[in-house]
Amino acid sequence: MTSDVAIKVTGLSKAYRIGLKESQHDTLGSAIASWIKSPIKNYQRVKRLADVRETDTDPDTFWALRNIEFDVKEGEVLGIIGKNGAGKSTLLKVLSRITEPTRGRVEICGRVASLLEVGTGFNPELTGRENVYLNGAILGMRKRELDVKFDNIVAFSGVEKFIDTPVKRYSSGMKVRLAFAVAAHLDPEILIIDEVLAVGDAEFQRKCLGKMHELSAGGGRTVLFVSHDMTAIQGLTSRCLYLHNGSLVAQGETSSIVSTYLADYSDAEFTGHFNLDMANRRGDGTVMIEGVSFCDVNGNAMTTIRSGEPVRLHIKMKSAVKINPQSLQLDMRIMNSMRHAVGTLSTRFDKDFYLISGLPANCLACEIPSLPLAEDDYSIDFWLNYNNGLSDSISEGVRFRVSGADFFQTGQMPVATKHGNVIFTHSWKSS
Amino acid sequence: MEKPRIVIERRRGLGRYQFSELVRYRDLLYFMVLRDITVLYKQSVLGLAWAFINPIVSVLIFSVVFGTLAGVPSDGIPYPIFSCAAILPWNYFANTLNASGTSLITNTSIFTKVYFPRLIIPLVPVFSKFVDLLISFLLLVALMFYYECYPTVKLLALPVLVLLMMMATAGLGMWLSALAIQYRDVKFGLTFVVPLMMYAAPVVFPASLILEKFGEIFFYAYHLYPMVGVIEGFRAAVIPQQVFVWPAIAMSGCGAAALFTIGLMVFRKLESRFADVA
């Protein structure tokens, strides 16, 4: 291992046992019966959990990491990206010695601190002061070190007034601030960070990002940073690893890896789901919605819905009477994954709709020229009025996923949780 | 400053335990012990008094049920002090074992997120529960003066007995915690096995009864159960007319050392998989 390499990973693999699936029982009786009958089976199953061999090909073995190889130079800030389940967290857990690799080897030169979570070991009964010491010690700081840094930690957190109050009386924001303040004052040579920036409000996030910049730029520290936030990855890291299904598919300069990742990511599977059963519907049923489909401009059904793409929503209806479009009024309210309304598509909002004649009476199409939604899961509530009476309404009639895409052609992917669900087409000039 | 070099690989066999690392993390042990002590009596009205109430009630019940009603012999010593000298180390052993055995389960959220020597986790109760023992020791002191068992030079044996007691408890605690994280059965087993173990130890009866009924060989073999030597030793330390049977206590010392070694080895062997099976 040459002197300027901080982390050297060779042939690293990690397997887990999955398939510890409990059989479901309908009654307490059958549950107890099978439980009594099968202690031996239970024993074998639980024992198997810890029994992973190096060349395991059993169907219940899951290789979370396969043959990963990379080096991290001293002072380098390395980003790790990949979809959920790609193996990012497992990699960090192996590097921070929480779990042992099944195969392969890691050599680390320098003191490591890992932040897979902020506030590990925070105890609600203890005061802020006591928790700073406990959490600091868990992260590997010595008491002496904490005594020296204590005032800075408290100042950074901004909870001076409550430092002797039990943490259970804190707001969740205060807890996170205090926890991050402890973490930010770690002074290791190698820092491993997993998505901790996803917590806290925007102002605090900026503060943390600033602190991280300071860490990596100033002290020549080696930082490994996992995030789904491509803006943070691009802002902080110079080199990136891209993991997919446990394998390292690409590594290199951040901007090129991020664009590779975004291109792949946009091809995520479409998870459209229609829920048109009668249970959650109201209305007199004169006209009813029969089906909804997402089509592209050519009328072909879409498998993936991406931000910024033109989308045509087809709504099929059925009725015993001949449907007269002039008497029809359809509202579709789009909700985000938090069940907050994002916007409504309505026939009433289109001044031309009621002028159209010769419309195929049992099918409506709603055209969206450029889908202004950020990556998230969405659902649609439908209200269909016919002759001014509620004819059909469906709560969460359709669920669909919008995949992130390079909407602005800048590599900056809007994130719903951070930037909001709506993407504005906009431009800037100096005036 | 010399940078430490760490190699992460799948460990084969037991390897060498990094005691130096444990020493480096001693502050964490300290803060976790402090956490346990601080949190235990938070938001309770009687607070530390609970450390007394528990043994007082046990001494009362044992004195009435075993001392008076059942007429269990007590080597001619007043039953309250006879049982109190046994209940204190026993309560320590039982409480620590329950806490230590389930310690990995209750601290799962910590050790699956941060690396530190896992051995600290089952060791925390070994120290935090000792504070309870120290507090309740005042009860024994009060009884000593009440029954005119004034302190003698024999009290000096207590640190040795305490060490023995801690070693045995720590050994079992490490062993059970390592098993419990994978097999939760241990957790349920503890709740009824520990009270049973009390009747196997000379808490309500004197060890001399064993000597009398089963002979000398069995008496010494019996002392391999470390709590036997600890309890009899505690009695001899505080009650003037009781004598130390040193060879028997040495047997208990062997038992404690064996438990500690086995506990440490089992913990070490299973340690690497804790995060995967938790």
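The values are calculated or read from the model by the stated rules, or taken from the named source; none is laboratory data. Note that this is a predicted model, so its numbers are computed, not measured. Note that we place each Cβ from the backbone using ideal geometry, even for glycine, and neighbour counts take in every protein chain shown.
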Count of residues meeting criterion [in a helix (DSSP H, G or I), surrounded by fewer than 17 Cβ atoms within 10 Å (Cβ to Cβ) and out of contact with any Asp or Glu (no Cβ under 7 Å at 6 or more places or on another chain)] in the range A:163-184: 2
Subset of the range B:149-196 (residues that are surrounded by fewer than 16 Cβ atoms within 10 Å (Cβ to Cβ), assigned to a helix (DSSP H, G or I) and among the aromatic types (F, W, Y)): B:F188, B:F192
Some residue of the range B:202-213 being closer than 21 Å to B:L158 by Cα, modelled with pLDDT of 95 or more and of a type in the set (A, V, I, L, M, F, W, C): no
Unique residue being away from chain A (no Cβ under 13 Å) and surrounded by fewer than 17 Cβ atoms within 10 Å (Cβ to Cβ) when the list is B:I262, B:I239, B:I249: B:I262
Matching helices (runs of 4 or more DSSP H) fully within the range A:26-141 where at least 2 residues are in the same structural domain as A:I190 (by TED's automatic domain parsing) and under 30 Å from A:Q234 (Cβ atoms): A:88-95
Hey, B:F219 more than 14 Å from chain A (Cβ to nearest Cβ), buried (at least 19 other Cβ atoms within 10 Å of the Cβ), aromatic (F, W, Y) and farther than 20 Å from B:L123 by Cα or not: yes
Pair list, Cβ < 7 Å and 6+ apart or interchain, from the range A:234-253 residues that are among the aromatic types (F, W, Y) to residues that are crowded, with 22+ Cβ neighbours inside 10 Å and assigned to a strand (DSSP E or B): A:Y242/A:I81
Residue, modelled with the highest pLDDT, within the range A:244-274, restricted to residues that are in a loop (DSSP other than H, G, I, E, B) and buried (at least 16 other Cβ atoms within 10 Å of the Cβ): A:G246
Residue satisfying condition, being under 24 Å from A:S227 (Cβ atoms), modelled with pLDDT under 90 and either of a type in the set (K, R) or out of contact with any strand residue (DSSP E or B) (no Cβ under 7 Å at 6 or more places or on another chain) (or both), within set A:E117, A:E76: A:E117
Any pair with Cβ under 7 angstrom, 6 or more apart, that starts in the range A:130-149 at a residue that is facing chain B (nearest Cβ under 7 Å) and ends at one that is assigned to a loop (DSSP other than H, G, I, E, B) and not aromatic (F, W, Y): A:L134/A:G121; A:L134/A:N123; A:L134/A:L126; A:I138/A:T120; A:I138/A:G121; A:I138/B:V114; A:L139/A:L186; A:L139/B:V114
Pairs with Cβ under 6 Å, 6+ apart, first in the range A:69-85 and under 19 Å from A:C109 (Cα atoms), second surrounded by fewer than 21 Cβ atoms within 10 Å (Cβ to Cβ) and charged (D, E, K, R): A:D71/A:K8; A:K73/A:D4; A:E74/A:D4; A:L78/A:R239
Enumeration of residues in the range A:93-111 that are of a type outside the set (K, R) and within 7 Å of chain B (Cβ to nearest Cβ): A:V94, A:S96, A:I98, A:T99, A:E100, A:P101, A:T102, A:V106, A:E107, A:I108, A:C109, A:G110
Segments classed as helices (runs of 4 or more DSSP H), wholly inside the range B:1-114, with at least 2 members that are within 11 Å of another protein chain (Cβ to nearest Cβ): B:19-24, B:26-40, B:108-111
Qualifying residue in the range B:136-145 (condition: surrounded by fewer than 20 Cβ atoms within 10 Å (Cβ to Cβ) and within 14 Å of another protein chain (Cβ to nearest Cβ)): no
Number of the condition not met by A:P188 [criteria: (1) within 14 Å of another protein chain (Cβ to nearest Cβ); (2) modelled with pLDDT under 90; (3) crowded, with 23+ Cβ neighbours inside 10 Å]: (3)
B:F274 away from chain A (no Cβ under 14 Å) and among the aromatic types (F, W, Y): no
